[in-house]
Amino acid sequence: MSANKPRRKAKDMTAVQLPRTTTSSPVSSRTLLTCLAVASPLWAAVSLAQAATREGFDLLRHPLSALSTGSLGWLQIANFLLAGILTVAGASGLRRALEGGPGGRWAPRLVRAYGLGMVAAGLLVMDPADGFPLGTPYGMPQVMSWHSYGHMAAGTVAFGTLIAACYVLGHRFGRTGERGLAVASRVAGTALLVGDLWAMTGGTAGSLTLAVGAITAMLWVSVVAVRCR
């Protein structure tokens, strides 16, 4: 019996030394960051392609959101939804990549809120206005629908959180000594801020300045996602 005790003890030690099994995330951080990197270029490309080809659309007068109206409006609606969903998913990858550093908590939260705003903007379509789609009277409608008000609110949330995300990322890069990236991030956020304010105050070609500012800030988030990969 005494001879069996060491053997049993050896078996117990072997069992203790076995590695633990760990559960991994079902989606890798690299995949999630790819979603975030693709979302903005995809939205911009689809939007600008429609702006150049849809009859009656004038980017100097019509915001890109107006492309959600008319018989082909489903294209822009789907564009908003897809970009928003990819952004929300990508925010999780950004959280993993920035975890523990400056802005590691708030930047992903703001990006996720921006993505949710994009989804809401796709679901809540603005009213036809100012001659688009063709046959629509010029000028703004006298009475706006509830979903048009909802679209404006969703856009405010999306743009506001995107601007804040750019500034938070600028703060992060400044703290880590990456001054060029810090400046670029703040410039992107400011471009959207200025473009949005100019459009809201009725400035000349406000829809164009808004589009330039929005696409600049959106693409910058994609650049950060690529860098984090």
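The values are calculated or read from the model by the stated rules, or taken from the named source; none is laboratory data. Keep in mind that what you see is a predicted model, and the values were worked out from it rather than measured. With ideal geometry, Cβ positions are generated from the backbone for all residues, glycine too; neighbour counts draw on all protein chains shown. Each accessible area value is taken on the protein alone, full model and side chains, heavy atoms only, with ligands, DNA and RNA left out. Shrake-Rupley method; radii C 1.70, N 1.55, O 1.52, S 1.80 Å.
On C-alpha positions alone, give me the angle between the axis of helix 206-228 and the longest principal axis of the chain, in degrees, nearest 10.
It is inclined by approximately 10 degrees.
How large is the accessible surface per residue of the chain, computed with a 1.4 Å probe and reported in Å² as a whole number?
Working: 12610 Å² over 229 residues.
Per-residue accessible area for the chain comes out at 55 Å².
Return the long-range amide H neighbours of PHE132 (sequence gap of 5 or more, or a different chain), with a cut-off of under 5 Å between placed amide H atoms.
The answer is none.
For ARG96 and ALA45 in the same chain, what is the full-extension length gain: residue separation times 0.36 nm, less their Cα-Cα distance, in nm? Could the numbers behind the result be given before it?
Working: separation 51, 0.36 × 51 = 18.36 nm, distance 2.79 nm.
Working it through step by step, the gained length comes to 15.6 nm.
What are the ³J(HN,Hα) couplings of segment 76-88, residue after residue, when phi is run through the Karplus curve with 6.51, -1.76, 1.60 and θ = phi - 60°? Round to Hz, x for glycine and proline.
Coupling constants for segment 76-88: 6, 4, 4, 5, 4, 5, 5, 4, x, 5, 4, 5, 4 Hz.
How far is helix 106-123 tilted off the main Cα axis of the chain, in degrees rounded to 10, range 0 to 90?
Helix 106-123 and the main axis of the chain meet at about 50 degrees.
Going 7 Å from the Cα of LEU60 along its beta-carbon direction, which residues of segment 110-152 have the amide nitrogen within less than 15 Å of the resulting point?
Nothing falls inside the zone, counting backbone N under 15 Å.
Helix 4-16 versus the longest principal axis of the chain: what angle, 0 to 90°, nearest 10, using Cα atoms?
Approximately 10 degrees, to the nearest 10.
Accessible area of segment 64-139 with a 1.4 Å probe: how many percent of it is carbon plus sulfur? Show your work: numbers first, answer last.
Numbers: 2150 of 3210 Å².
Summing carbon and sulfur atoms, their accessible area is 67 percent of the total for segment 64-139.
How large is ³J(HN,Hα) for each residue in segment 186-203, as worked out from phi by the Karplus curve 6.51 cos²θ - 1.76 cosθ + 1.60 (θ = phi - 60°), to whole Hz, x for Gly and Pro?
5, 5, 4, x, 5, 4, 5, 4, 5, x, 5, 5, 5, 5, 5, 8, x, x
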